[in-house]
1. Please work out which residue is modelled with the highest pLDDT, limiting yourself to segment 91-108 and to residues that are more than 24 Å from V41 (Cβ to Cβ) and assigned to a helix (DSSP H, G or I).
2. Restricting attention to segment 135-171, report how many residues are hydrophobic (A, V, I, L, M, F, W, C), assigned to a loop (DSSP other than H, G, I, E, B) and at pLDDT below 85.
3. Here are V121, V126: which of them is β-branched (V, I, T) and either at pLDDT below 90 or touching a helix residue (DSSP H, G or I) at 6+ places or on another chain (Cβ under 7 Å) (or both)?
4. Give segment 1-55 a look and list any residue that's assigned to a helix (DSSP H, G or I), at pLDDT 85 or above and touching a helix residue (DSSP H, G or I) at 6+ places or on another chain (Cβ under 9 Å), or say none.
5. S136 - would you say it is surrounded by fewer than 16 Cβ atoms within 10 Å (Cβ to Cβ) and either of a type in the set (S, T, Y) or in contact (Cβ under 8 Å) with a residue 12 or more places away in the chain (or both)?
6. Being in contact with a strand residue (DSSP E or B) (Cβ under 8 Å, 6 or more places away or on another chain), over 24 Å from Q166 (Cβ atoms) and touching a residue at least 12 places away in the same chain (Cβ under 8 Å) is the requirement here; does G86 meet it?
7. With respect to the numbered conditions (1) out of contact with any strand residue (DSSP E or B) (no Cβ under 9 Å at 6 or more places or on another chain); (2) among the hydrophobic types (A, V, I, L, M, F, W, C); (3) closer than 27 Å to S69 by Cβ, which one is the sole condition not fulfilled by I179?
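The values are calculated or read from the model by the stated rules, or taken from the named source; none is laboratory data. Everything numeric here is computed off the predicted structure, so don't read it as measured data. Every residue, glycine as well, gets a Cβ built from its backbone with ideal geometry; the counts of neighbours run over all protein chains shown.
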Amino acid sequence: MGKSSLIKMLCPTADVRSSNNAGSCTKEPQGYPCSDLRCQVHDTPGLTEEIQRSWFARLFSRKKAQISSPEAEKVEEYLKDVKVKGGGVHLLIYCMSGERCKKTSLHAKNYKRFKDVVGNVPVVVVVTGLDICQISWENRENWWSKYGGENLGMGPIAGHACITAQPPDPKIFGTPNYIRQNDFYTNSCDLVFNLVGRYVT
C-alpha cells in the first residue's frame with residue numbers, strides 16, 4: 001500500500017490508480033514523466049503475493065520455501081529492460097508500508113534481487129502509511145530508529161523518508177483532522193521531492 005500513491009505524489013498529472021486497502025493496484029509496470037524533477041518514474045506491481053505464497057509454502061512444507069512470485073519476476077524483467085533500453089536506472093526507491101515493515105527476511109531478499117539488476121545505483125527507502133499506524137509527523141524518525149535502518153536486514157541505504165502518501169479526505173475539509181492530515185501530506189511531499197531530487201537532478 002502506498003506505492004502508486006507515491007507515484008501520484010511525484011507525478012501529479014499521471015493517471016495512476018491508487019487504493020487505501022492492502023491489494024495491489026498496479027498489474028503491469030508503467031513509466032510516468034516527472035516534470036518537476038525532469039526524470040521518468042516507474043511504477044511496478046507490488047510483491048504482496050510473494051509474502052502470502054512464502055507463508056503458505058512454509059505451512060505445508062518442511063523444506064525452506066524457495067518462492068519466486070510472478071510479480072517479482074515481472075519487476076525484475078522490467079528493470080532489466082529499462083536499464084538497457086530506457087536510458088538506465090539512476091535511483092531505486094524501495095517502498096514499503098509501515099504496517100509490513102517487520103518482514104526483514106523478505107526485504108533483504110528483495111533488496112539483493114533488484115540491486116543485482118540495477119547495479120551500482122543508490123537505494124532509498126520510502127515508508128508509507130505512518131498515519132494509518134497512528135504515527136505523527138513529529139514521531140516519524142523515532143519509528144525509523146526502532147524499525148528502519150539496519151533493522152530491515154537490507155544492504156546500504158542512501159536515504160529514507162517516513163511519510164503518508166495519501167492526501168487528506170476532502171469529505172472532512174475544514175475539520176481539525178483534515179488540517180492535521182493535510183500538514184502531514186504536505187510535509188511528506190516536500191520530504192519525498194527532496195530525497196529523490198538529491199539523486200536525479
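1. Checked segment 91-108; the qualifying residue modelled with the highest pLDDT is A108.
2. Going through segment 135-171 one residue at a time, the tally reaches 1.
3. V126
4. L6, M9, L10
5. yes
6. So G86 passes the test.
7. (3)
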